[in-house]
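Bear in mind that the values in this text are calculations on the coordinates, not laboratory data. Fair warning: this is a prediction, and the values are worked out from it, not measured in the lab. Every residue, glycine as well, gets a Cβ built from its backbone with ideal geometry; the counts of neighbours run over all protein chains shown.
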Amino acid sequence: MQAKAVCFFCLRKAWQIFAITLVTLAVLVSALKYALPYANDYRSNIEALIQKQLNVDISIGQISASWEGNGPRPSVGVALF
């Protein structure tokens, strides 16, 4: 009888972990969909990150992003190295 209880406990915990992961993923995707139109506001931060990581001078003209179909669609205007 105790093995059955352990089995049900493990199954219940697995379902709880699955549900929490699914809800967390849905919240992250929704936040990404909401934030994509504001991608150009973070242009200077992205430029600084690229300059720091790749050690190159870069200037990005415009960044736009939208959600199309099953995923995000980023677009970079003029990028000068």
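Could you go through the range 22-36 in sequence order and give the Karplus-derived ³J(HN,Hα) for each residue, using 6.51 cos²θ - 1.76 cosθ + 1.60 with θ = phi - 60°, rounded to whole Hz, and x for Gly and Pro?
Result, ordered by residue: 5, 5, 4, 4, 5, 5, 5, 5, 5, 5, 5, 4, 6, 7, 4 Hz.
Give the peptides 9-17, 60-68 in descending order of average Cβ contacts within 10 Å, highest first. Spell out each step's value before the answer.
Details: 9-17: 10.0, 60-68: 13.4.
So the order, starting with the most tightly packed, is 60-68, 9-17.
Provide Rg and Dmax in Å for the range 2-80, with only Cα atoms included in the calculation.
Spelled out, the Cα radius of gyration and Dmax of the range 2-80 are 20.9, 67 Å.
So for the pair residue 70, residue 25, with labels modelled 7 Å out along Cα→Cβ, what separation do we get in nm?
Distance between the two pseudo-spin positions: 1.3 nm.
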